[in-house]
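The values are calculated or read from the model by the stated rules, or taken from the named source; none is laboratory data. In this text the structure is predicted, and so the values were computed from the model without any measurement. When we count neighbours, we look across all protein chains shown, and the Cβ atoms used for this are built from the backbone with ideal geometry, even at glycine. Just so you know, the surface numbers come from the protein's heavy atoms only, side chains and all, with ligands and any DNA or RNA stripped out. Shrake-Rupley method; radii C 1.70, N 1.55, O 1.52, S 1.80 Å.
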Amino acid sequence: MAYVSGPVLKNAATFGGYHVKSIISYIPVLTIWGVAGGAALATFTENWPLFQKTFYEKIPVIGNHWIKEVDPEAAQS
Amino acid sequence: MYTQIYNLIFKRNSTFVATVFASTFLFQVGLDETVTSWYEARNKGKLWSDLKPKILAGFESEEDDE
């Protein structure tokens, strides 16, 4: 019979001061927050020509909304 | 039904905020399209796109008269 002098304690693996398991458990909710942040960014850059040309014109179905073909004779100078 | 909506959208703040911003983005597009189509329907016949062929035809007939 071998006696154990005390409990065998081990430190859980950490990354940047946080437990790896708790980091992993946060991944789903942080992903959803990333989607929310992306949607917020899209909302506030909706009228920005650079973003319109780079991203929004390429969205299927609603992409035509940002493609504006103004008749040069109708354009105000 | 309501339970599904609750679990999908309202249960977590992250999904709620994501839904709010995504629907805002789509609503901006929808409102703009709706108002534009209403404006163009209400002013049909007065818009440049409607007048342009008439005006160009007028110019051509004036040239023919001379």
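A straight chain from A:Leu9 to A:Val35 at 0.36 nm per residue would run longer than the Cα-Cα distance by 5.4 nm.
A Förster distance of 41 Å, applied to the separation of the beta-carbon atoms of B:Thr24 and A:Ala2, puts the FRET efficiency at 0.05.
In this simple spin-label model, placing a label point 7 Å from the Cα along the Cα-to-Cβ direction at both B:Trp38 and A:Ile67 gives a separation of 2.7 nm.
On average, how many beta carbons from a partner chain sit within 10 Å of the beta carbon of a residue in A:48-58?
0
Here is the interface size for B with A: some 1500 Å² of accessible area buried, both sides summed, with a 1.4 Å probe.
Axis of helix B:13-42 versus longest Cα principal axis of chain B: the two differ by about 20°, to the nearest ten degrees.
Could you do me a favour and compute the accessible area per residue for chain B, 1.4 Å probe, result in Å²?
The answer is 84 Å² per residue.
Per-residue shielding of A:35-46, expressed as the average number of other chain Cβ atoms within 10 Å of the residue Cβ, stands at 6. The mean number of Cβ atoms from other chains found within 10 Å of a Cβ in peptide B:6-14 is 2, as a whole number.
With a Cα cut-off of under 29 Å and a minimum spacing of 8 residues unless on different chains, the lysine pairs in the protein assembly as shown number 12.
Ligands, DNA and RNA are left out, and with a 1.4 angstrom probe the accessible area of chain A is 87 Å² per residue. Volume of the convex hull of chain A (Cα atoms only), normalised per residue: 160 Å³.
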